Every structure is written in structure tokens, then in C-alpha cells.
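A quick write-up on the structure given underneath.
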Amino acid sequence: MNQNHPPRVRAMLGRIELIKTDLSDVNISVSLDGIVKDLPETTQILSSINSEDKTRLLTALNNAFTKRDLTKVSALYSYIVLFSESDQLEIKRETLQDFQIYIRGHRNEDELNEIFTHPGFSTLINTLDNKDLTDLQYRLFARYHLDDKTNIGRKIAGIQKNLPLNEEQKATVIQYLAEIKAEKQKNDLTENKRSNKALIWTLVGVALLVIRIILRLSRD
């Protein structure tokens, strides 16, 4: 590698080169944006991509799903840019299938909440941009959260509204968030009234105590 490249470029080239060796420690995405795409080192790697590299990537993706590490899955999936269009279609198809199996295999509410709030979740859903996958995860979100306005539901809904939902789904999520906000404002108002009432009674109590003291002192 040319040591004259800027540090950021050298770091990106180093990550790209892993496609030829070992992807087990990948946790940051790669990109061919900027000057990286036209560098001789990049051109050499792209020209040498073969079926073994594709198998290496698919295996790493499957292992990351098995370990429930969506951050790694998201980072690994970025390596798709190094492959031909036909290979990209296969990698996307395999990743979609793995993701659907992954989500279906975690129907427990707590496990799904963990998935939905994972840092790599929204990135991967948006990157794959697949209607069936988006509908699947939305149906599971709706099943567990639309009828139950909780803090975790609010957090997940905030993530949902930025996913590639259809207009009806997005409107439902936005309405859900609006209802939670309205309920919070109502609760805050009630709490403020309760606090103000308690403060008034406290001040009255203090005032009565002061009056008693003054009256006692005046008798003395």
C-alpha cells in the first residue's frame, strides 16, 4: 500500500483488502466513494474478486446473524460494492433471507425489542430496502407496541418512522408517537398540578406555624 495516501484512505484500503483474507474482525463499513475507487490498489482488488471472496462474505454474514450482531452484519454487507451486479443480487438475496429468518426466529417481545433498537438494524433495513422484509418487521412492531404506549415503544417508533415504510404504515407510526406525546403532556400537566397543590399546602402549613409562633410570643 502506498504510504503517501492520507491516513483515512489507507484505513479504507486496509478494510477493503480484508475481502481477500479474513472478515471475522470487520465492524466498520467500506466505501468506494471519493478517490478510493480510482486508486491502483482498489482497481487491483476489484479485478481479482472471485467466487471464493463471495463465499467468504456470505459465510461471514451468516456467522454475524448467528451471533446476533447486526452492527457486524451491516458493516459486512457494505462489502457488496466490491462485487459484480450478478454477485450483488445473490448477496442481497441471501442477506434478505438470513435477515427474515433472523427476525422470525426472535418472536419473543424482549428479543425483538433488542433487535429493533440495535444500532445496525435501521441501517440494514434501509440498505436492503425490501418490501417483504420491511412489512415483516413492521407487523411485529405493530403486534407488540401499537396498543401499548410504553417508553420502549416510543423509542422503537422513532426508529420505525425513518424506515422505508409505506404511507399507511408511516402514518400509523406518526400517530402512535403523537398519542404518546399527548399522553406525556397530559401526565406532566397532572403532575404539575399535583406538585403545585402540594406546594400551596406546604406554604399554608408554614404560614400557620409562623402565626402560632407570633401569637405565642405576643402572649409571653
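The values are calculated or read from the model by the stated rules, or taken from the named source; none is laboratory data. Note that the structure is a prediction, hence the values are computed from the model and not measured. Because the Cβ atoms are built from the backbone with ideal geometry, glycine has one as well, and the counts that use them run over all protein chains shown. The area values use the complete protein model at the heavy-atom level, side chains included, leaving out ligands, DNA and RNA. Shrake-Rupley method; radii C 1.70, N 1.55, O 1.52, S 1.80 Å.
Residue 101 exposes around 100 Å² of accessible area when a 1.4 Å probe is run over every protein chain in place. Here the Karplus curve 6.51 cos²θ - 1.76 cosθ + 1.60, taken at θ = phi - 60°, turns the phi angles of segment 108-123 into couplings of 5, 4, 5, 5, 5, 4, 5, 5, 4, 9, 5, x, x, 5, 5, 4 Hz, with x standing for Gly and Pro. Mind telling me which of 40, 119, 164 comes out most flexible in a GNM of the chain, alpha-carbon contacts under 10 Å? The residue that fluctuates most here is 40. Close amide H contacts of residue 130 (hydrogens built in the peptide plane, cut-off under 5 Å, sequence separation of 5 or more or a different chain): none are found. When the chain is treated as a GNM with alpha-carbon contacts under 10 Å, the residue of 57, 23, 46 showing the greatest mean-square fluctuation is 46. Measuring with a 1.4 angstrom probe and ignoring ligands and nucleic acids, residue 106 comes out at about 30 Å² accessible. Coupling constants for segment 140-149 follow from the phi torsions by the Karplus curve (6.51 cos²θ - 1.76 cosθ + 1.60, θ = phi - 60°), and in residue order they are 5, 4, 5, 4, 9, 10, 5, 9, 9, 7 Hz; glycine and proline get x.
Rank 147, 25, 53 by accessible area, highest first, at a 1.4 Å probe radius? Write down the numbers at each step before the final one.
Values: 147 150, 25 125, 53 5 Å².
Result of the area sort, largest leading: 147, 25, 53.
Order 52, 111, most accessible first, counting only protein heavy atoms with a 1.4 angstrom probe. List each step's numbers first, then the result.
On the way: 52 125, 111 60 Å².
Correct descending sequence by accessible area is 52, 111.
For segment 35-120, evaluate the Debye formula with one uniform point scatterer on each Cα (no solvent term) and list log10 I(q)/I(0) at q = 0.14, 0.15, 0.16 Å⁻¹, rounded to two decimals. Relative scattering, expressed as log10 I(q)/I(0), comes to -0.55, -0.61, -0.68.
If the segment from residue 175 to residue 106 were pulled out straight at 0.36 nm per residue, it would be longer than the present Cα-Cα gap by 22.2 nm. Residue 114 contributes about 100 Å² of solvent-accessible surface, heavy atoms of the protein only, 1.4 Å probe.
Taking K and R as +1 and D and E as -1, what net charge do the other residues with C-beta under 12 Å from the C-beta of residue 66 add up to? List each step's numbers first, then the result.
Numbers: positive: 67, 68, 72; negative: 69, 98.
So the surrounding residues net to +1.
Only helical runs count toward this figure. For the chain, summing -39,500 (n - 2.57) over DSSP H runs of n ≥ 4 and dividing by all residues gives -24000 deg cm²/dmol at 222 nm.
The angle between the Cα long axis of helix 7-17 and the longest principal axis of the Cα atoms of the chain comes to about 60 degrees, rounded to the nearest 10.
Under a GNM of the chain (C-alpha, springs under 10 Å), which listed residue has the highest mean-square fluctuation: 153, 120, 205? Between 153, 120, 205, it is 205 that shows the largest mean-square fluctuation. The alpha carbon convex hull volume per residue for segment 91-195 rounds to 97 Å³. Can you give the angle from 0 to 90° between the axis of helix 51-66 and the longest principal axis of the chain, with both taken from C-alpha atoms, to the nearest 10? That works out to roughly 20 degrees.
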